[in-house]
Amino acid sequence: TAGQLDTEQTMQQDGYIVVGYVQVGSESDWRTTNTQSFKDVFTQENGYYLIFEDGQQKQENQVKAIRNLILQEVDYIVLDPIVETGWESVLEEAKEAGIPVILSDRRAEMEDDSLYTCWVGSDFAEEGRNAGHWLENYLEKQGRSGETVHIVSLQGTLGSSAQIGRTDGFAEVLQQNENWVMLERQSGDFTQAKGQEVMKEFLEKYEDIDVVISENDNMTFGAIEAIREAGRTIGSDGDIIILSFDAVRDALKAIQTGDIAADFECNPLTAPLVEETIRRLEAGESVEKIQYVEETYFDCEMDLSELLESRPY
Ligand code: GYE
């Protein structure tokens, strides 16, 4: 709106750096923390004026938001692309307007990578591989290495790089284990409600599920509900082993109670790195095209009480 435009231009004249953040939506705890991270870092105190755009899970909303930010002549656009493809034309428009685009969290695939300045986020394929290797070790310790293992997978939003990376990374390890059988993969769209729905369906279809690999914690929370409702048990002495991704607070608690066997961390605090990148660009420095955030994993053999006290999410 014209009012918005005026405020934004005044802020710019007052020396603030105007940053538009085009978020995916609010589907998960990870996402909520990620949004808060941007609001905490891109403050007026820090010299920024943040325009927050919520894509509400739709690429078309994100595209519209980018066009809006171009019209407003913001200084930077930060985009978390919901899916990997389909960004060329709108990023061309940003390039023509001379607005640098920084990708955060999920990636975008395009032939001409000069359409974005850099990307900051997680190595999703590595997370998937780590989950696979963790399962190998775990089964070995239980003396179950040669046994047939039936797996189901709750996938994230199809076509998002978090889904693609985690699915492919785990699949690499799956292929190396002839006795592992992937019964079915289905998307639960990274939400608790869909995770529960899909897990319910899996439990009705398959009697012998040994492992659930769920591509984020919120789907995992839904899956745990579904498993309980079906009267099945979870954990090392129960029958279903659950692997999850993100490692948000409630998931760490679920590791402590034995519901989640292992959780592969995905760091939602990307805003500080994005901010540092913008500061360097402002100073005329060059930045790395691809920047990974650090992450680890947590499992049922670790004492997580201290971590739970200090972890902000
Ligand atoms: O794992 C999930 C969220 O893109 C890494 O999106 C992010 C994923 C995260 O909804 O919880």
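Please go through the stretch 263-313 and give me each residue that is touching a strand residue (DSSP E or B) at 6+ places or on another chain (Cβ under 8 Å), of a type in the set (Asp, Glu) and part of a loop (DSSP other than H, G, I, E, B), ordered by number.
Matches in the stretch 263-313: 288, 295.
Which residue, of 241, 213, 260, is over 16 Å from the mean Cα position of the chain (by Cα), touching a residue at least 24 places away in the same chain (Cβ under 8 Å), outside any helix (DSSP H, G or I) and within 16 Å of the ligand (Cβ to nearest atom)?
260
Which of the residues spanning the stretch 235-255 are at pLDDT below 95 and among the polar types (S, T, N, Q)?
236
Go through (1) at pLDDT 95 or above; (2) away from the ligand (no atom under 16 Å from the Cβ) one by one and return the number of the condition residue 130 breaks.
It is condition (2) that residue 130 fails.
Regarding residue 184, is this residue touching a Lys or Arg at 6+ places or on another chain (Cβ under 8 Å) and under 30 Å from residue 146 (Cβ atoms)?
The answer is yes for residue 184.
Mind listing just one residue for me: the one in the stretch 1-32 that is β-branched (Val, Ile, Thr) and surrounded by fewer than 18 Cβ atoms within 10 Å (Cβ to Cβ) and, of those, nearest to the ligand (Cβ to nearest atom)?
Here the answer is 32.
The values are calculated or read from the model by the stated rules, or taken from the named source; none is laboratory data. Keep in mind that what you see is a predicted model, and the values were worked out from it rather than measured. Note: ideal-geometry Cβ built from the backbone for every residue, glycine included; neighbour counts use all protein chains shown.
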